[in-house]
Amino acid sequence: SSSGGGTSSDVSKDVSKDVTTLDWKHDGSLLATGSYDGQARVWSASGQLTQTLSRHKGPIFSLKWNRTGQFLLSGSVDKTAIVWDVGAGEVRQQFSFHTEPTLDVDWRDDTSFASCSTDRVIFVC
């Protein structure tokens, strides 16, 4: 396999085949993936599925951990951005700013973020 020691067989092909975005938690302990099926999933470093976060109604195009690793931010074709409380496994807040699909999201700090959309608007909150 690859020289980096990683394998692609750890993650179920049925689940991972439609991954559209991914982001490592800053300490490298968890990998978050967003998928075409609208599910955000959290994986251990060894490739075990630890959580499935379900709320989006369309493909997830972007997701990012905040610096503390407490929250995960996701943006979807469903025009929303969601802040997930990963420890609790639930939505902390869902934002419906955009009139078109949300393409990218990124944290400014631990609680503030920006999102952009095909509506050509950037929101900062």
Checklist entry - Are there any pairs, at least 6 apart or on different chains, whose C-beta atoms fall under 7 Å, with the first in region 54-66 and under 8 Å from Val77 (Cβ atoms) and the second surrounded by 16 or more Cβ atoms within 10 Å (Cβ to Cβ) and at pLDDT below 95, and if so, which? => result none
Checklist entry - In region 75-117, what residues are within 20 Å of Thr20 (Cα to Cα) and basic (Lys, Arg)? => result Lys79
Next on the checklist: Between a residue in region 107-122 that is of a type in the set (D, E, K, R) and any residue that is open to solvent by 60 Å² or more (accessible area, probe 1.4 Å), which pairs come within a Cβ distance under 8 Å, given they are 6 or more apart or on different chains?
Outcome noted: Arg108/Val124; Asp109/Arg67; Asp110/Arg67; Asp110/Thr68; Asp110/Gln70; Asp119/Thr99; Asp119/Glu100
Checklist entry - Which one is farthest from Ser29 (Cα to Cα), of the residues in region 75-124 that are open to solvent by 40 Å² or more (accessible area, probe 1.4 Å) and among the aromatic types (Phe, Trp, Tyr)? => result Phe97
Checklist entry - Which members of region 44-57 meet the condition of being under 21 Å from Asp104 (Cα atoms), open to solvent by 10 Å² or more (accessible area, probe 1.4 Å) and of a type outside the set (S, T, N, Q)? => result Arg55, His56, Lys57
Checklist outcome for this item: Taking region 24-37 and keeping residues more than 12 Å from Thr50 (Cβ to Cβ) and surrounded by fewer than 18 Cβ atoms within 10 Å (Cβ to Cβ) leaves Trp24, His26, Asp27, Gly28, Tyr36, Asp37
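The values are calculated or read from the model by the stated rules, or taken from the named source; none is laboratory data. The structure displayed is predicted, hence computed values, not measured ones. All Cβ positions, glycine included, derive from the backbone under ideal geometry; neighbour counts span all protein chains shown. Side chains included, ligands, DNA and RNA excluded: accessible areas come from the protein's heavy atoms. Shrake-Rupley method; radii C 1.70, N 1.55, O 1.52, S 1.80 Å.
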